[in-house]
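**Student:** Next up is a structure, given as structure tokens.
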Amino acid sequence: MPDTAPILHLENARYRWPGRASFELHVPALSLARSETVLLLGESGSGKSTLLSLICGTITAQSGHVRIGDTDVASLSAGQRDSFRAEQIGLIFQQFNLLPFATVQDNILLPLQFAPNRRKRAQARQAEAVRLCRALGLPDDVMGVRAGTLSVGQQQRVAAARALIGTPPLIIADEPTSSLDAATQSTFLDLLFAQSRANDTSVLMVSHDARLADQFDRVIHMNHIATSVRSAA
């Protein structure tokens, strides 16, 4: 039977940043179903980056729970969180974070070096990289090209292929369409969602652009799911 448990679940998760301008984020409840595409909207300073850091395990909740599948991320050591993130989460960054002097193929295959189970799922790795590039609208001859020579739109698709390789169950995308025009945004999301459906992968994308809402299964607003407080130390 299919697994109906959420791929992501936060329950009363709290985190306070230290410093003179302390920032506390509280998320009473947030869930993401398997294969669901969700757009998370929020203004600058609303806590989107803190929430992503909690989900990815780069910081850990000081109370409450952050679960991916049946694993509570806070229960893992720092090294275990790094390994878990590499296995379970495909990341698409706002600036793509490609290695500019490495080839497209090397960039796409990079996450598999840190994720043995994900590497096994990819099986014929080079062939899978080519398949993803084709599915995302990139030509076969791009594989040997240095990533830094590509257009912004091409780099974005390489970043998506890198996130999708090895079928991690969760894709986290942090403002990946902010530098693109509306038509290119729409095309990219169509391609990303087609691949996420094919691989039973969930997508959580963060943005401040409400015009993208119609392309997602569900839209969440930060001020509806979380409270954030700034106070002088």
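**Student:** In the range 185-230, what residues are among the acidic types (Asp, Glu) and touching a Pro at 6+ places or on another chain (Cβ under 8 Å)?
**Tutor:** Residue satisfying the conditions is ASP200 alone.
**Student:** Could you tell me which residue of the range 148-158 is nearest to ASP106 (Cα to Cα), considering only residues that are within 20 Å of the chain's Cα centre (by Cα) and touching a residue at least 40 places away in the same chain (Cβ under 8 Å)?
**Tutor:** VAL158
**Student:** For the range 197-214, give me each residue that is in contact with an Asp or Glu (Cβ under 9 Å, 6 or more places away or on another chain) and either aromatic (Phe, Trp, Tyr) or at pLDDT below 90 (or both).
**Tutor:** The answer is SER207, HIS208, ASP209.
**Student:** Here is a follow-up. Would you check if ALA5 is surrounded by fewer than 17 Cβ atoms within 10 Å (Cβ to Cβ), at pLDDT below 95 and either closer than 30 Å to THR149 by Cβ or among the aliphatic types (A, V, I, L, M) (or both)?
**Tutor:** yes
**Student:** Here's something else I'd like to know. How many residues are touching a residue at least 12 places away in the same chain (Cβ under 8 Å), among the hydrophobic types (A, V, I, L, M, F, W, C) and over 19 Å from SER178 (Cβ atoms) if we restrict to the range 57-96?
**Tutor:** 10
**Student:** Follow-up. Scan the range 94-103 and give yes if some residue there is buried (at least 19 other Cβ atoms within 10 Å of the Cβ), modelled with pLDDT of 95 or more and either of a type in the set (Ser, Thr, Tyr) or touching a Cys at 6+ places or on another chain (Cβ under 8 Å) (or both), otherwise no.
**Tutor:** no
**Student:** Can I ask one more? Take LEU112 and tell me if it is in contact (Cβ under 8 Å) with a residue 60 or more places away in the chain, crowded, with 19+ Cβ neighbours inside 10 Å and either of a type in the set (A, V, I, L, M) or in contact with a helix residue (DSSP H, G or I) (Cβ under 8 Å, 6 or more places away or on another chain) (or both).
**Tutor:** When the stated conditions are applied, LEU112 does not pass them.
**Student:** Within the range 150-171, is even one residue surrounded by fewer than 22 Cβ atoms within 10 Å (Cβ to Cβ), among the hydroxyl-bearing types (Ser, Thr, Tyr) and either in contact with a Phe, Trp or Tyr (Cβ under 8 Å, 6 or more places away or on another chain) or assigned to a strand (DSSP E or B) (or both)?
**Tutor:** no
**Student:** Could we say that GLY166 is touching a residue at least 24 places away in the same chain (Cβ under 8 Å) and either in contact with a Leu (Cβ under 8 Å, 6 or more places away or on another chain) or farther than 25 Å from SER53 by Cβ (or both) here?
**Tutor:** yes
**Student:** Residues of the range 126-147 being under 20 Å from SER196 (Cβ atoms) and buried (at least 16 other Cβ atoms within 10 Å of the Cβ), which ones?
**Tutor:** Across the range 126-147, the qualifying residues are GLU128, ALA129, VAL130, LEU132, CYS133, ALA135, LEU136, LEU138.
**Student:** Considering only the range 56-79, how many residues are under 16 Å from the mean Cα position of the chain (by Cα), of a type in the set (A, V, I, L, M) and crowded, with 21+ Cβ neighbours inside 10 Å?
**Tutor:** The qualifying residues number 3.
**Student:** Check whether at least one residue in the range 38-50 is over 28 Å from ALA213 (Cβ atoms) and touching an Asp or Glu at 6+ places or on another chain (Cβ under 7 Å), and report yes or no.
**Tutor:** no
The values are calculated or read from the model by the stated rules, or taken from the named source; none is laboratory data. Just so we're clear, the structure is a prediction, and the values are computed from it rather than from any experiment. For neighbour counting, all protein chains shown are included, and Cβ atoms are generated from backbone atoms with ideal geometry for every residue, glycine included.
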